[in-house]
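The values are calculated or read from the model by the stated rules, or taken from the named source; none is laboratory data. What you are looking at is a predicted structure, and each value in this text was computed from that prediction instead of being measured. Methodologically, a virtual Cβ is constructed for each residue, glycine included, from the backbone with ideal geometry; neighbour enumeration extends over all protein chains shown.
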Amino acid sequence: MATFPPRSTRSSAKSGSSHLIGWLGNDTQAASVLATAQLHLKIRAAVSAALPGPMRGAFDVVKIENNSLTLTVSSAAFAAKFRQLAPRVTAHLNSLGWNMTEIKLRVQGGIGLAPVVKPPREARLLDRQDLKAFEDLNQQLRPGPLADAVSKLLRHHQASQGAAQEGSLRRVSTHAGTPEAPLPETNT
């Protein structure tokens, strides 16, 4: 278990000489953990540099042992693609001086994958000119699936335009007949 520095040195954190990483280096067990974490971060950065952009965040380093690197990956598909790139990654690591001969993979879902963000839907309402063009097209089409789809589109948009016009009229007419709410009283 790591030991914490005496209370007097904790208060000197304002001077910058004693912060979390500083006291980790003073304890032998904590220093070992810190050195391992730094090694894993360095090799993770080196592996990331050898991978294509979309693959860079979907793995973590588990252990480095006997010239063998063990990684956890986010999916079986990522593991399959990584196996194709393994010779390139190994060569890159060796060029940086890591002397790795083997990369082992363990599949563990959900590692470092960013949520998929859908782009906002871009849609506009059809205006009268658009609807007229679809009506002309509908009259020229032979009966079949395409003619049915165009008819359905026309019914949908004509109904939504009618509802929008009624809704705007309704809002105006109901708003005009609604009494105004009383203003809150203020104590002055």
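Please state which of the following conditions Gln84 fails to meet, knowing it meets all the rest: (1) surrounded by fewer than 17 Cβ atoms within 10 Å (Cβ to Cβ); (2) of a type outside the set (A, V, I, L, M); (3) at pLDDT below 90.
Among (1) surrounded by fewer than 17 Cβ atoms within 10 Å (Cβ to Cβ); (2) of a type outside the set (A, V, I, L, M); (3) at pLDDT below 90, Gln84 violates only (3).
This table checks each residue for (1) loosely packed, with under 11 Cβ neighbours inside 10 Å; (2) at pLDDT 90 or above.
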position	(1), (2)
Gln108	no, no
Gly112	no, no
Val117	yes, no
Ala133	no, yes
Gln140	yes, yes
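Scan region 121-131 for residues that are loosely packed, with under 10 Cβ neighbours inside 10 Å and either in a helix (DSSP H, G or I) or acidic (Asp, Glu) (or both) and jot them down.
Of everything in region 121-131, those that are loosely packed, with under 10 Cβ neighbours inside 10 Å and either in a helix (DSSP H, G or I) or acidic (Asp, Glu) (or both) turn out to be Glu122, Arg128, Gln129.
So the check is Cβ under 9 Å with 6+ separation or different chains; which pairs have a first residue in region 57-73 that's outside the structural domain of Glu102 (by TED's automatic domain parsing) and a second one that's among the hydroxyl-bearing types (Ser, Thr, Tyr)?
Qualifying pairs under 9 Å: none.
Within region 51-80, how many residues are in a helix (DSSP H, G or I) and modelled with pLDDT under 90?
Summing the residues that are in a helix (DSSP H, G or I) and modelled with pLDDT under 90 in region 51-80 gives 7.
Restricting to region 25-51, name every residue that is over 24 Å from the mean Cα position of the chain (by Cα) and within 14 Å of Leu96 (Cβ to Cβ).
Across region 25-51, the qualifying residue is only Leu39.
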